[in-house]
Amino acid sequence: MAADGVHSALRTRHADHFGTQLAEGRNHYLWLGNHQGLRRLHLRFVETEHGWIWCYGYGYSGEHSTCVMECAPQTLTGLGLDRTDGGERLALLEKLFCHILDGHPLVAGRGAPWPTFRTLTNRTWHRGNLVLLGDAAHTTRYSIGAGTTLALEDALCLAAALGEHTTLPEALAAYERQRRSELLCAQSAARCSARWYENLPRYIHLPPHRIFALLGQRHSPLLPYVPPQLYYGIDRAAGRLEVLRRFKRWLGPRAARALHARATAHRSRRAPLS
């Protein structure tokens, strides 16, 4: 069983068989720690002369918290965060987010600073008696907060499949089939969440209550294609009328697919020939 994360050595050893693919996101992020136990989730946006940078902060024990910083490429380079050493980088971030940190220093984690988030998929999840679970099999963006839950659900599904099927190939095939189907919603939500943050300037100048209302709707496939103020109005109306809620649920995925196909075709027509 390979449950050794996105950089799985067991999966990498047989990468051709698994058909591993990585899709790079646009924004850069940095995973840090902090020696204080935040009692609730903090999401703070800070505007700089080079664009917006934001922090997701949440406690995972009474005395420790995680702080994930994120920004667009032009903000990263404009602030010099891609060039500063570890101490300077932390000092600048502590200054920008002092209202969250309350004087507690940031603690650097391991790994290269400021990667882009990579969405990992595999053509198949098993090879002989080797089977992939969690981030070794699939990744969903940290902004939907589902990684650990999905990995545990993989393990439960695998255990159930092993108990229900008499042969290992049947069990592994059933596990993969069921989990692929169950992951569709989470993977769609992760893609939409990434798109919301990558297009933050589209929303950030709205009144605060509207920004956070649309942040809560970021998993909608229709949101990127509708003017934010119009979407907000439609969503408010749908919240009052059941018939509009049903219509929105029916229309959203269909309209989003049609608009996405049209935008993709338009980009293809404009792309220069090599």
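The values are calculated or read from the model by the stated rules, or taken from the named source; none is laboratory data. Nothing here was measured: the structure is a model prediction, and the numbers come from that model. Every residue, glycine as well, gets a Cβ built from its backbone with ideal geometry; the counts of neighbours run over all protein chains shown. Please note that ligands, DNA and RNA were not included when accessible areas were found on the heavy atoms of the full protein model with its side chains. Shrake-Rupley method; radii C 1.70, N 1.55, O 1.52, S 1.80 Å.
Points to keep in mind about this one:
Table: residues versus (1) assigned to a helix (DSSP H, G or I); (2) polar (S, T, N, Q); (3) open to solvent by 50 Å² or more (accessible area, probe 1.4 Å).
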| position | (1), (2), (3) |
| --- | --- |
| D82 | no, no, yes |
| E88 | yes, no, yes |
| A91 | yes, no, yes |
| E94 | yes, no, yes |
| V131 | no, no, no |
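- Every residue from segment 1-17 that is assigned to a helix (DSSP H, G or I) and either among the small types (G, A, S) or under 20 Å from F117 (Cβ atoms) (or both): A9, R11, T12, A15
- Residue match in segment 144-153 (condition: touching a helix residue (DSSP H, G or I) at 6+ places or on another chain (Cβ under 9 Å), part of a helix (DSSP H, G or I), open to solvent by 40 Å² or more (accessible area, probe 1.4 Å) and acidic (D, E)): yes
- Inspection of segment 69-80 identifies at least one residue that is modelled with pLDDT of 95 or more and open to solvent by 70 Å² or more (accessible area, probe 1.4 Å).
- Top-ranked residue in segment 97-106 [being open to solvent by 30 Å² or more (accessible area, probe 1.4 Å) and in contact (Cβ under 8 Å) with a residue 12 or more places away in the chain; ranked as farthest from G33 (Cα to Cα)]: H99
- Residues that are surrounded by 17 or more Cβ atoms within 10 Å (Cβ to Cβ), within 30 Å of Y197 (Cα to Cα) and not small (G, A, S) are absent from segment 157-177.
- Of residues in segment 117-129 being open to solvent by 30 Å² or more (accessible area, probe 1.4 Å) and under 21 Å from the mean Cα position of the chain (by Cα), the one farthest from C67 (Cα to Cα): R123
- Residue in segment 55-69 that is in contact (Cβ under 8 Å) with a residue 40 or more places away in the chain and more than 30 Å from L132 (Cβ to Cβ) present: yes
- Of all residues in segment 192-217 being within 18 Å of F117 (Cα to Cα) and touching a residue at least 60 places away in the same chain (Cβ under 8 Å), the one that is surrounded by the fewest Cβ atoms within 10 Å (Cβ to Cβ): E198
- Restricted to segment 223-232, and to residues there that are open to solvent by less than 40 Å² (accessible area, probe 1.4 Å) and within 19 Å of P208 (Cβ to Cβ), the residue that is modelled with the highest pLDDT is P228.
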